[in-house]
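Working notes, beginning with the structure itself.
Taken together, the values in this text are just the output of simple stated rules run on the coordinates, not laboratory data. As the structure is a computational prediction, the values presented were derived from the model and not from experiment. Every residue, glycine among them, receives a Cβ derived from its backbone with ideal geometry; neighbour counts consider all protein chains shown.
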Amino acid sequence: MKKHNGDDVASAGALPREEAGPTATPPGIRARAGGFADMFERSTGGALTPLNVVIDRLEGPVRAVIEGRPTLMLGTNSYLGLNFEASCVEAAAAALRDFGAGSTASRVASGNQRLHVDLERAVADLYGRSDAIVFSTGFMANLGTIGGLVREGDAICLDAHCHASIFDACRLSGAKVATFRHNDAADLARIMAESGIAPSRTLVVAEGLYSVLGDVADLRAITAVTHASGAVLLVDEAHSLGLFGDRSRGVAEDQGVEDLVDVIVGTFSKSVGVVGGFCVTESKAFRCLRFAARAYLYTASLPPPVVAAARRGIEVIATERERRDKAWVNAGHIHRGLSGLGMPPAAAPGPVGAIKMPGIKAGLEMWRTLLHGGVYVNMLIPPATPAGEVVLRYSVSAAHEPEDIDFALRVFREASRDCGIGGAPSAGVAAALYRR
Ligand SMILES: Cc1ncc(COP(=O)(O)O)c(C=O)c1O
């Protein structure tokens, strides 16, 4: 199985491989664990990294205090700022008072409260589908849904840029797994034809908006293949819910192909501002998921305050447009600014963007310089990224003001000068690295 996100994901998916000669005795578990830690210390010099940075305080969705400094959060996934929206916080506080802090059990034991059922109804209604199932995280939504749908003897074809949770779900399912080239429907058709497994026993998995490079799926082309063949299609709209489509349901809605998608998976941890995941389906055949999804059956249900805030968040997404519009204005603003600085994001303007770095050392230096300048972004390295890329990833929010984006661009400009990254397209080697 060719893969990136699912390959040897150690802790945060960022640890380097151990170097061992061809004849070396494989180290034991304890030695290996120590080896990883030592290697990581060595490669970072014990300095501040994305793995050990601590947010001391939050003062809203995009303002934090880190190492005593006020910091602009430009890498939170809180695309709509709903984690601090007053009505969501109030809903959580009321549920905390009325239902307590935790559910203390699985949905099928005593963890199925009215709040969970109402949240599922709200999600199913948003998508105009008959059923929704809520999971405790987006990761578990993929584990439970994919694991509940397929079994040994089936096939799964997934996009090579899919999230680690999808890779892990596929690996656990026991099905025959193959990846198709990123966003390449012709390659999907090719691997389906070569799999030797009937399309009716094949699950195809793609995302709406890919979160590492920030590019949008070509779901028109992918649904053309799955529809013609009769394969089942699952689309993960984790990063697109709330931002794409007439009713903010995601990329499948935006591209007019929602009816050709059998199952939609999503998360509450991004635009909805809390934690949890879901899948929505139409067909009766998929209702069995509630009895087959182990990541649903064998874990505690979401805590009441989270469920209440998620439900209010879904309501806001279904009824309000201003936040979404503002997030898109911010997305255009930062994309133009970074392009002007010689650091063009890897994809068209969108809620999440990625700037390719020439390597881990240079990327870490740039990341630290931005943080010291008061701007927090994410740094992603292999195996969490495709094709060995090192990227600085930012996300915009409706909670950013235009002055915040201007401030971030000023800090980017200074960091790019200090680190020798970016600059005018003619500025030499560094600039050549950004050519797409
Ligand atoms: C496409 C995709 N699916 C699932 C997840 C997991 O979601 P969660 O963090 O809510 O578990 C992520 C997280 O980034 C994601 O990008």
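Counting only whole DSSP H helices of the chain, the ones at least 24 Å long by C-alpha along their axis and with mean Kyte-Doolittle hydropathy no lower than -1.0 are 402-419.
Residue separation of Arg171 and Arg151 scaled by 0.36 nm, minus their Cα-Cα distance, works out to 6.1 nm of gained length. Indicate the gyration tensor shape class of the range 99-187 (rounded, prolate or oblate), computed on the Cα atoms with a ≥ b ≥ c the square roots of the eigenvalues: a/c under 1.5 is rounded; otherwise a/b larger than b/c is prolate and the rest oblate. Judged from the Cα gyration tensor, the range 99-187 comes out prolate (a/c at least 1.5, a/b above b/c).
Based on DSSP H segments of at least four residues, each scored -39500 (n - 2.57), the chain has a per-residue ellipticity at 222 nm of -12000 deg cm²/dmol. Each listed q (0.23 Å⁻¹) maps to a log10 I(q)/I(0) for the range 177-272, found by the Debye formula over equal Cα scatterers with no solvent: -1.16. Net length available on complete extension from Val65 to Glu322 is 89.8 nm, with 0.36 nm assigned per residue and the Cα-Cα distance removed. At q = 0.11, 0.12, 0.21 Å⁻¹, what is the log10 ratio I(q)/I(0) for the range 285-436, with the Debye formula run over Cα points and no solvent? Log-scaled intensity ratios, in q order: -0.57, -0.65, -1.24. By definition, a body whose alpha carbon gyration tensor gives a ≥ b ≥ c is rounded when a/c is under 1.5, and the chain falls into this rounded group. Ordered by the count of other Cβ atoms within 10 Å of each Cβ, fewest first, Tyr127, Tyr79 give Tyr127, Tyr79. Bridging of Lys270 to aspartates and glutamates at a Cα separation below 12 Å is possible for Glu237, once same-chain residues fewer than 8 apart are set aside.
Peptide packing for 82-94, 360-372 was compared via the average number of neighbouring C-beta atoms within 10 Å per residue; ordered from the highest value, the list is 360-372, 82-94. Take the Cα of Ala221, step 7 Å toward its Cβ, do the same at Ala31, and the gap between the two points is 4.8 nm. Among beta bridges identified by DSSP and lying wholly in the range 158-300, the antiparallel ones come to about 35 percent. Just how far, in whole angstrom, is the range 66-106 from the range 202-272 if you go by their alpha carbon centroids? If you average the Cα positions of each part, the centres end up 26 Å apart. Spatially, the range 149-180 and the range 373-419 are offset by 31 Å when compared through their Cα centroids.
Relative contact order of the chain: 22 percent, from C-alpha pairs under 8 Å at least 6 residues apart in sequence. Of all DSSP beta bridges located in the chain, what percent are antiparallel, nearest 5? In the chain, approximately 60 percent of DSSP beta bridges are antiparallel ones. Classify the range 284-362 as rounded, prolate or oblate from the Cα gyration tensor: take a ≥ b ≥ c as the square roots of its eigenvalues, call it rounded if a/c is under 1.5, otherwise prolate when a/b beats b/c and oblate if not. It is prolate, given that a/c is not under 1.5 and a/b is the larger ratio.
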